[in-house]
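Since the structure comes first, as structure tokens, the remarks are kept for the end.
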Amino acid sequence: MATSHTFRANSRGALDNAQLQRALGNMHRDFVDSRGRAVGEMPEYDALKADARAMKDHVLANLDFYLERFASACEQSGGHVHWAQDAADARRIILDICKSKGARTVTKSKSMIGEEIAINPYLEQGGLVPIETDLGEYIIQLADEPPSHITAPAIHKSKEDVAELFLEHHGVYGKTRRLTEIGEMCDEAREVMRSKFIAADVGLTGANFIVAETGATAIATNEGNGDLTQILPKTHIVLASIDKVVPTAEDGLTLLRLLARTASGLELTTYNTFSTGPRRDGDADGPEEFHVVLLDNGRSEMMAGPLREMLRCIRCGACLNHCPVYKATGGHAYGWVYPGPMGAVLTPALIGLEKSAPLPNASTFCGRCEAVCPMGIPLPSLMRHWREREFSEHRQSMNARNGLRAWSWLARRPKMYRWAVRFGGRVLRHRAGRAGRLNRIPLASGWTAARDMPSPEGPTFMDQWKKGTRA
Amino acid sequence: MSSNSESARDGIIGAVRRSLGRGALGAESEDELEKRLRTPDANTIPARSNVSHAEQVDMFTRYAEGVSATVSRVSRAAEVPAAVSDYLAEHNLPSDVVMAPDEALDAYPWGERPMLGIRRGRAEDADAVSVTGAEFGFAETGTLMMTSGAHHPSTLNFMPDTHVVILPANRIVGAYEEGWQALRERTDADGTFMPRTVNMITGPSRTGDIEQRMQLGAHGPRRLHIVIVDEA
């Protein structure tokens, strides 16, 4: 269940969580520095970005055509296409396919849409055993937690946490030693997972994009779990949202050249796999059945206004990695599937502003998210779009509304405004005294409760402007 | 498609068109979009791999090694079996291999290395080493392109701990687009579809999911060894 509406309380807990803070402290070294290096090494980065953006805008403007084109190409190559208007449709379609195959276990490779429709608990209720195969997803499945990052789902877990989880859950496989090295943990997970790959009846993957020309679906992974998930079971189900379609494989290559680079500073993910239909005559492996579930779940509605730009998102996670708020709170505080700036824009569109109003406010508007977004999504202005909606729907607290009302009354009276600012500055300077900082300001305890406010210096901006000088 | 799904499709397509503020596209617009599909836009292709073939081979090697693949190079086809068995011996790996049933691999005199135990077919869990060819090597990032089919079961790329790839130097090209254009021409010519699976593989399997520390061999091969053969 979403807890986005209690973001404030969630984030307070996150700030007090020393271990989470330690884990988040590594993000700069691991994601920010390596992205900067990798972008610097690609002289055509800006050109790729412009191409990718123009391509996605073209697709969205013709989305009906490309979706139907994808569906017919996929069906021609022997695949089955299912259309799901909402999460409930998609869950039912997937469970029906599993049941018709008499399936017992379902291996899964990482899919954010899978999280969005909460497919795992639904499959469990239906008597199936879903198994997350991406190492990070597997760890949080054992811990019974949601992912805290869209590309590094277990970023909040330490290796000691992982050792504890493996000790608790791997005893049934005869693994009873507490592990200390990360390499040992990867090996144990590999061994445990291998038999599950082989035994699975159905493999469920997401899609980084789907190709209208050929009916192919594509995934980008580093572990190889997405491939074992789809070539070993008899049935492969792909879950993709409708915004994932691109015209040709070449258009997909443009996205791939950006994706790994901005996500983690790699040139390319280890495995980029294109899958078209079921196994062919003469093939010794591969699935006998291939299903694609196309999910709308609110996206067609987003197409109507400014939020259409959000549908260019390729889920690289760069905006999370560079966000001062995400870096302070981690992903769980955001209370639903998508955290960080992209989550602050997407979540209200998918679950409703009434359940997620704090998220578009969880921003310093520093603009780094937009600067690092490979698809040029104006995240700050889309957050502002939600704030305006919040105001027009009277969703803020009375204090906030009255404060804004008072400010706008004053701002429309320039003389009085200037006098008030000058007077206010003088009062604050006097109260700050020699220390030059304030630890209590009326009506601003939200700021001063955790840190001091520097005292204003020199005359007001307007006074300086009039004099033609700059302090 | 069930009627239920048909109404869901109509619902989604209708909602998309409502949001776009238009009805179905006219025949003329559809023709234009079809044309874009047939003759894909030339998106930006990074210039770095647009160099001489000799430099492309070097670039391929450099990038592949940069992501922890290993590369060896032989001048003649006759040297390939020795290059494979030497690699396996050097790393204390089993000499029993599962090899792709690919005619291209028959060009190498495997019989001269009786120590290599060779089974042809798909990979099973017990197989420790696979040997395959590849459609292309891309200099741009040291990436291999493999297509599935009777000649190349995909399990060979993912199940064994060690994946050895025999790559004739003339299969090394610059950018990914060259490989995709070749696939398109081939499938257009014989009227077939894309291969079931196209894998672009860059280095061995890896994960950074525990404390962001990179580990090789998450679920796929721990080692990827590429033997480049100069003689075509």
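Rule-based calculations on the coordinates, nothing more; no lab input. Remember, it's a predicted structure, so these values are computed and weren't measured experimentally. All Cβ positions, glycine included, derive from the backbone under ideal geometry; neighbour counts span all protein chains shown.
Before moving on, here are some points about what is shown:
- Selection from A:LEU67, A:LEU167, A:THR3 lying farthest towards where the dipole of chain A points positive, charges on Cβ: A:THR3
- Per-bin percent of Cα-Cα distances, the protein assembly as shown [20 Å]: 17, 49, 26, 8, 1
- In order along segment B:114-127, the phi-based Karplus estimate (6.51 cos²θ - 1.76 cosθ + 1.60, θ = phi - 60°) of 3J(HN,Hα) comes to x, 5, 6, x, 10, 10, 9, x, 7, 8, 10, 4, 6, 6 Hz; Gly and Pro are listed as x.
- In a reduced charge model with +1 at each Lys and Arg Cβ and -1 at each Asp and Glu Cβ, the protein assembly as shown shows a dipole moment near 5120 debye about its Cα centre.
- DSSP-defined beta bridges in segment A:42-297 - what % are antiparallel, rounded to 5: 20 percent
- Only Lys, Arg (+1) and Asp, Glu (-1) charged, at Cβ; chain B dipole about Cα centre in debye: 500 debye
- Most positive-pole-ward Cα, B:PRO46, A:CYS369, A:PHE197, against dipole of the protein assembly as shown from beta carbon charges: A:CYS369
- Whole-Å distance, taken between Cα centres, linking segment B:183-232 and segment A:169-228: 16 Å
- Vicinal HN-Hα couplings computed from phi for segment A:97-103 (Karplus, 6.51 cos²θ - 1.76 cosθ + 1.60; Hz; Gly/Pro x): 4, 4, 5, 5, 8, x, 6
- In the protein assembly as shown, a dipole from Cβ-located charges (positive for Lys and Arg, negative for Asp and Glu) runs towards its positive end, and of B:MET59, A:SER109, A:PRO233 it is A:SER109 whose Cα lies farthest in that direction.
- Cysteines in chain A that lack a partner Cβ within the 4.7 Å cut-off: A:CYS74, A:CYS98, A:CYS186, A:CYS313, A:CYS316, A:CYS323, A:CYS366, A:CYS373.
- Most fluctuating residue given options B:GLU28, B:GLU140, B:GLU103, as computed from a GNM of chain B linking Cα atoms under 10 Å: B:GLU28
- What separates the Cα centres of segment A:416-471 and segment B:78-156 is a distance of 73 Å.
- Seen from A:PHE365, the other residues with C-beta closer than 11 Å to its C-beta sum to a net charge of +2, counting Lys and Arg as +1 and Asp and Glu as -1.
- Cα-Cα over 29 Å, subset of A:LYS49/A:LYS110; A:LYS56/A:LYS196; A:LYS49/A:LYS196: A:LYS56/A:LYS196; A:LYS49/A:LYS196
- Our coupling estimate for segment A:411-417, obtained by passing each phi through the Karplus curve with A = 6.51, B = -1.76, C = 1.60 and θ = phi - 60°, is 5, 8, 10, x, 4, 5, 4 Hz, Gly and Pro reported as x.
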